[in-house]
Structure formats: C-alpha cells, structure tokens
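Notes for the one structure printed next.
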There are 2 protein chains.
Amino acid sequence: MTVELLNTGSELLLGQTLNTHARFIGRRLADCGLRIARQTTVPDGPEIGAALAEAMSRATVIIVTGGLGPTSDDITRDVAAALLGRSLHFEPDIFERIRERFARRGLTPPERVKVQAMVPDGAEILPNDHGTAPGLYLVDESRPGPPKRLYLLPGPPRELNPMFESHVLPRLRAMAGPPLPIRILRTIGIPESHLQDRIEGPLRSQFPDVEIGYCARPGEVDLRLIGRDAGLVARAEEFAARDLGDAVYGTGDDTLEQVVVRLASSAGLRLACAESCTGGHLADRLTGVPGASAVFLGAAVVYANEEKTRQLGVPPELIARHGAVSAEVAAAMAEGCLRRTGADHAIALTGVAGPGPGTPEKPAGLCFIAHASARGARVERLTLPPDRPAFKEAAAQVALDILRRALMLCARGAEKSC
Amino acid sequence: MTVELLNTGSELLLGQTLNTHARFIGRRLADCGLRIARQTTVPDGPEIGAALAEAMSRATVIIVTGGLGPTSDDITRDVAAALLGRSLHFEPDIFERIRERFARRGLTPPERVKVQAMVPDGAEILPNDHGTAPGLYLVDESRPGPPKRLYLLPGPPRELNPMFESHVLPRLRAMAGPPLPIRILRTIGIPESHLQDRIEGPLRSQFPDVEIGYCARPGEVDLRLIGRDAGLVARAEEFAARDLGDAVYGTGDDTLEQVVVRLASSAGLRLACAESCTGGHLADRLTGVPGASAVFLGAAVVYANEEKTRQLGVPPELIARHGAVSAEVAAAMAEGCLRRTGADHAIALTGVAGPGPGTPEKPAGLCFIAHASARGARVERLTLPPDRPAFKEAAAQVALDILRRALMLCARGAEKSC
C-alpha cells in the first residue's frame, strides 16, 4: 500500500497559504505506521488531472485536498470523475444538508453551492460536519493491478481534519499492516552535526537495523529512529536518551511548552511570565497546552516602559540608568512578576526584536531572559536572529528551556525551596 | 521559463515539520511575476533522484531544498551530481569558512562536516551566511532543448531565506519577463460562496480577461485577480473594492494586525488588551508587526481569576455572580484595561477555549469580546470552533476586526471622542 498526497490550490503555490494538510495527514498516517511516499501541489486547473493520473500510476491510495468548494476554480470532482470515466449526478440529500446549514445561520444557499451536491457515480460520500462540501471516496478497479483508492477531501483544515479522522483514517488503518515502529527524541542545546557525531557511531554499531534520521528546527533537533522491530527501536531510543541526558526534552510529538506544563503540574508549581520583546508569544505557547490553566497564572505583556513600572513595579530610575533592554531590568521584571502574581517560577524577557539595526550597544537580536523563584533571580544574555518572528520564536524557546531545567531541578529535589 | 520546487525531507512527509519553504519561495517568485508550476516533496533517499529527473523533464528551473547538511541522510548533492553525470570535488575555501564558523563558537568542526565542502564539478557556489552548507547552482546543457537550471539550497529556513533573496531571486528576476499583474483583496465577514455570488458576475461581465480566484482562511477570504494588463487588473480591483466596502480590510500581503497597527498609528491612538481565553495570542499577533511599539502599550494575560482582579480590577463578586466567561466580566476587563493602561482603545476576551465540552450553559467555543473606549464598552457574544488553536485564532481575528472597525470610525471622524 503506497500513499500519495495531492494538494490542489493556487494559493499554496503563490505562497499565500501554508500547507498544513501535509503536516496533519503525514502525522496521522505515521501514527498508523503509514508514510506519505510523495506529496505534490498543483494549481487549481487542468494540471490536477495530470498530477492525479501520475499519482495513480505510482500509488494505490491517493488523497486529494481542495477544489471541492462552490466557486468556479473548484474543479477537483469534475477532473477525478473524468479521469475515472464516471458521470456526475445530483444528490438531493447533500443539498438538503447544505440548505439546513445555511438556514441555521438565517441564510439561503446561493444557486452555485448546488455543485457541491454533484457526485461521481459509484462514489461513497464522506459527511462534512463542519462545512458544505462532502468528501468523496472512489475505488477504481477498471485497470490492471490492485484497485486504486481516491479520497477527495475539502480544502479548509477545519473541515478536512475531522473528516480525515472519522472517515479516512479508519479505512486506511484497517488496510495497513501493524504500525511501523518509529520513535522520536526531541533534543535542545546540541547542534545537529555534534548530535550526530556523538550518537550515530554508537547507535549504528549497537543497532545496525535501526534507521537514523535528524530534523533541525530553530533551537532544537529531533533524532528519529525507525525499524521493523518495536523492541529494538525502543532499546535504541533508551540507549540514545541515556547518552544525551537532559538535552532530551521529550519524545514523539512533545513540545517544549507541553513538557513545562507537565513538569509544573506534577510538582504543583505555578508559573507566570513578563514579556517585553516577545510580546505575548511565550504566554501564547504556554496557553496553547490544554490544562495550562492549572499551572499558568498569567502574563504581563509590557511593551511600553510605563507598563513595566505599572504592571511589574520596575523602578523608572532603573530603566533610565540601564535601558529597558538590560540584565537589571530583566531581573526586576522577573522579580516583580514573581512577587505580584505569587507564582513559584517567573520568567521575564526583554530585548531588541528587530527588524532594524538597534544601536551599537544594543543591537537587534540582543535579548535578556531572567528566571526568578524563591531562590532568587538569574539572568541570561543571548544573541538571537535579528528578525522579528525568528527572534520571538528563539527567545520563547530559550525561556521555556530555562523553565524546564529549573522545574527538573525541583523535581529531583535538588532545590529544597521548590 | 517553468519553475518547479522540490522539497526533500522525511520530516515533511512524517508531518513533523510544516513546509514553510513553499510559502516563502512561492511568495517571492510571485512578486517577480513567476509562479511555481508544481511543488513536490519526497523523503530523504533515492526518490530524490527520480523526482528530480521528472521535474527536469517538465521545467527549466528546478529549486531543490534540503539534504545539504552534514548528516548521513543528506544526499541531495550526490543525487544531483549523479543525475547530471558530474563528479564531486573538495573545495578547501568552503571548508575554511565552515572551520571559522565553528571557531567563532569555540568549537572544532567534526570530521563529517567535510562533506559540505564537496561540490559537483562546474557548480557555482552560493554562499551561506547563516550556516555551514553552501548552496549550489548547476546549469545542465547536456540534453536537447533549453538549459536546465538547478538550485540546490539548504533546508533550514534561516539559511535558505537570505540565500534565496541574495543569490537565487536576482538571477531568476533577470530571466523572467515583466511581473504578472496580480492583486489580492483581503476580506472579512462574508462567507466564500456569498462573496462569489456578489462579486463574480459583475466582475466577469466588466473584466472578462481577468482571472478570478478565491482563498478561504478562518474568518476571512481572499479575492485574487490576475491578468496580463496591469491597468485592467487595477481597475478590476478598484471595482471589487468599491462593491465590497468595509469587508475589504487590506490588499496583497496585508494582515489584519498590520492594518490595525497602521490605523492606530496614523490616528495617534494607543491600544491595549486583556486576554483570558486567547492567552497572549492577540498580543503576539499585534507585536509581530514591526512598529507596533508606537501604538501598543501592552497586555494583561489573565488566566487565573485572581489575576483578572489584580491586573484589571475586575470585582471578585462579579466573577462569582456571572462566571469568568460572561459579558459582564468581559466588559469589566476591557474597562479595567482601558483605565489602568491609559490606552484609547482596549479589547478584552474571555471564553471557553476547549478541548473538552465545557458546561451546558458555557460550552467550549463560547467567547465574549469587549471593546472599550472613551465612548464606553460594547460586548459581542460569539460561538467559535471548540478546538484550542482554532478557537484562539478565530477569537483574535474577531477582536482585531472589532478594533479595525472602531479605528476606521475614528478615522472618519464619526466619533468625536477619538
């Protein structure tokens, strides 16, 4: 069983939209031991037909996203029907569902949504609980070789994701063999080439049948272990985890913020943060974790200097003397945050996010991160990418890792005050 | 000139990483009037060769990303050299640069990074100012037809993006014809099918030579107009913008947060926000805009109820009586935020972000958004997707649109108090 993913949509090729489908579908398939052999994006238009025919010549399962909407550039169902030599017919039930959806919002469906009720003969309908266009499942047994299975899914992630979970994944899982053992160690603080230098030789000699892969992201590197035998992969993972120690912050899909929330939660500790240069990005990541409310009290996003004073009690003289971007102000922010919120651990960030060069003393990319707990405050000075989104991401990443290491120390009982 | 993009990397197909290259490269090419005809992702491994050969059979420019790193799964340069029948040779200058990069961090390069100094014969070297692996530019004139141009670029966006800007785009721009006129109107508040119903008939009859496309994202829809004649496309855009009125919040790459910062900036108004359910996401979006510091004072992220009282002065009795998720508390948060920060406009959000069902009276997805200015406070009650990331995104989107409309009213002088 070979799976290919075909994404349609000019907006993906014009750079207007990120292809989140590839990530979502790739991940859900990997969970069942399936891999996408190839992913292709083509614009809305006749190229869909050529790309679909090519995918059908290589794969047995083809998942197509997009082009099922009501507008004139939505032609996936016509192209697929033509390729399989099927006619389209009108399904009154689908149209009735669409009519009801519109009626719930007090609207009448425009004439053109009728196209969404057109179905290729022999197609199975995959209900859409979050939009108007249903998905379509087509099995083509007209050519030699194994049957070709086509899933045509709507483009909006809010519609596609639940449809994929409920109606596509169960069918694929039933057809797949046992899941392919794959383990991922998520590491932080070791550059990619050093990570390989340190771990690959020993891993290869002890576990020659385990496939090793790496994926570097800003501030972190994944080590990926894949094999045929689950026990072997688990032992290889254990071996690597022991070698890499605290640099491993999690496994699988863990994110740094999930690990921080989990550590704080199991230790019964409460967190708060004070953000200047990251402007809420750290709080956004922490509150993206379900259950964060049990440990996260809140954040003060203090962009203006007066807000640093008002919300955190940073003395204006301190800001005047050292500047808002300084180790002194970072420490005062973290201490003020700790004291005022009553949190057990507080993190504060101040820096020059860029773009723009900053000043010679305070160049763009300069960042101070302070951690405060009952044991006092400690400040780190960092030089980060001087580009606003990359800066915010990297700064939040380091802040989360500082919190993680502080919470691990607590968990190990090394800090009596925790 | 036909351009294809080939992304390599198992992590993209296993769903571990979002393909941000396709968006970045797609957008930068579109700015020069070029389009990616097809984008393909293949795993690290021999499929790179097959996919590259296929792309070369269709396109004249092939941009390949990834697989130039120092680890064992980085094989792009070998595959490309083999396909073009070139040998690889060692370039001491590249290795010297790599050695210097490591030395600046007090490190010695491991032996394996030497592979990054291996270059196919006849390749031009594209310097990497942000990492170790240089890019490679290869022109193949060995087969009939126009020359095939290959750009091999490193995978990490921080390395690829500046290399693409400095060394790839200028060459492509010189080869491309005049830019393809493309205009995008970004709209909010009109469902996609209604947008088409309203605008497509009139547009088609008045501007039959303009290609019309749509792209729906959560809470917004882009209307895309493409044609051969810039004046014609501009007139079509003007026609559509007039018809759609306030539903058009911007053009091109505008984001809602940029528009809000721009409006506040030109009116000299200062903004602040108070976030419970969005947990900093709104502040993160606003502070993602360069120049936000001129108008954005800060935010109170008040996850815990005590923080709502401490940071915003929301009376505990009010929370006890109506619940933290209520119109009353939202209004009190916005008013407290306005009063305490001295902002001209304040926005507050409280809701049930999910996952998890919430309660019958307060189901997941319920959200109250309050806007406060000198004219008083107004609260909107919304039902949003009960899924945490989608909820946060949708809530921030509505909050930004409320701010935008309030700021536009001020700009029109309809509100004397602004």
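The values are calculated or read from the model by the stated rules, or taken from the named source; none is laboratory data. Model, not experiment: these values are computed from the prediction. Note: ideal-geometry Cβ built from the backbone for every residue, glycine included; neighbour counts use all protein chains shown.
Worth a mention:
- Test for B:Ala327: is it on the phi < 0 side of the Ramachandran plot and more than 8 Å from chain A (Cβ to nearest Cβ): yes
- Residue within the stretch A:310-329 that is in the same structural domain as A:Leu407 (by TED's automatic domain parsing), small (Gly, Ala, Ser) and in a helix (DSSP H, G or I) present: yes
- Of the criteria (1) hydroxyl-bearing (Ser, Thr, Tyr); (2) in contact (Cβ under 8 Å) with a residue 40 or more places away in the chain; (3) within 12 Å of chain B (Cβ to nearest Cβ), which one A:Tyr249 fails: (3)
- Single residue of the stretch A:272-288 satisfying the filter (touching a residue at least 24 places away in the same chain (Cβ under 8 Å) and part of a loop (DSSP other than H, G, I, E, B)) that is nearest to the other protein chains (Cβ to nearest Cβ): A:Gly279
- Of the residues examined, B:Leu286 is one that is surrounded by 17 or more Cβ atoms within 10 Å (Cβ to Cβ) and closer than 30 Å to A:Ala272 by Cα.
- Residues (within 13 Å of chain A (Cβ to nearest Cβ) and closer than 22 Å to B:Gln311 by Cβ) located in the stretch B:349-390: B:Leu349, B:Thr350, B:Gly351, B:Val352, B:Ala353
- Filtering B:Arg405, B:Arg388, B:Arg412 for residues that are under 20 Å from B:Phe296 (Cα atoms) and either charged (D, E, K, R) or outside the structural domain of B:Arg270 (by TED's automatic domain parsing) (or both) leaves a single hit, B:Arg405.
- Failed criterion for B:Ser266 (all others in (1) within 8 Å of another protein chain (Cβ to nearest Cβ); (2) over 24 Å from the mean Cα position of the chain (by Cα) hold): (1)
- Some residue of the stretch A:396-417 being touching a helix residue (DSSP H, G or I) at 6+ places or on another chain (Cβ under 8 Å), assigned to a loop (DSSP other than H, G, I, E, B) and surrounded by 19 or more Cβ atoms within 10 Å (Cβ to Cβ): no
- Residue within the stretch A:31-47 that is in contact with a strand residue (DSSP E or B) (Cβ under 7 Å, 6 or more places away or on another chain), part of a loop (DSSP other than H, G, I, E, B), within 10 Å of another protein chain (Cβ to nearest Cβ) and among the acidic types (Asp, Glu) present: yes
- Number of residues in the stretch B:266-289 that are in contact with a helix residue (DSSP H, G or I) (Cβ under 6 Å, 6 or more places away or on another chain) and either on the phi < 0 side of the Ramachandran plot or not assigned by TED's automatic domain parsing to the domain that holds B:Ala348 (or both): the value is 13.
- Among residues that are touching a strand residue (DSSP E or B) at 6+ places or on another chain (Cβ under 7 Å) and not in a helix (DSSP H, G or I), B:Ile62 is included.
- For B:Gly291, the conditions (1) modelled with pLDDT of 95 or more; (2) under 21 Å from A:Asp387 (Cα atoms); (3) more than 7 Å from chain A (Cβ to nearest Cβ); (4) under 21 Å from the mean Cα position of the chain (by Cα) all hold with the exception of (1).
- Restricting B:Arg235, B:Arg224 to residues that are among the charged types (D, E, K, R) and crowded, with 18+ Cβ neighbours inside 10 Å narrows the list to B:Arg224.
- Matching residues, the stretch B:82-135, being surrounded by 15 or more Cβ atoms within 10 Å (Cβ to Cβ), touching a residue at least 40 places away in the same chain (Cβ under 8 Å) and not β-branched (Val, Ile, Thr): B:Leu84, B:Arg86, B:Pro110, B:Arg112, B:Gln116, B:Met118, B:Pro120, B:Leu126, B:Ala133, B:Pro134, B:Gly135
- Filtered residues of the stretch B:221-239 (kept if within 14 Å of chain A (Cβ to nearest Cβ) and either closer than 16 Å to B:Ile188 by Cα or part of a helix (DSSP H, G or I) (or both)): B:Val221, B:Asp222, B:Leu223, B:Arg224
- The stretch A:309-324, subset surrounded by fewer than 20 Cβ atoms within 10 Å (Cβ to Cβ) and either of a type in the set (D, E, K, R) or closer than 21 Å to A:Ala272 by Cα (or both), residue nearest to the other protein chains (Cβ to nearest Cβ): A:Arg310
- Some residue of the stretch B:141-160 being of a type in the set (Lys, Arg), out of contact with any strand residue (DSSP E or B) (no Cβ under 8 Å at 6 or more places or on another chain) and within 30 Å of B:Tyr249 (Cβ to Cβ): no
- Some residue of the stretch A:201-211 being under 30 Å from B:Arg101 (Cα atoms), free of Cβ contacts under 8 Å to residues at least 24 places away in the same chain, within 12 Å of chain B (Cβ to nearest Cβ) and crowded, with 22+ Cβ neighbours inside 10 Å: no
- Residue selected from the stretch A:1-23 under the condition surrounded by fewer than 21 Cβ atoms within 10 Å (Cβ to Cβ) and either within 19 Å of A:Pro146 (Cβ to Cβ) or modelled with pLDDT of 95 or more (or both), by the criterion farthest from the other protein chains (Cβ to nearest Cβ): A:Met1
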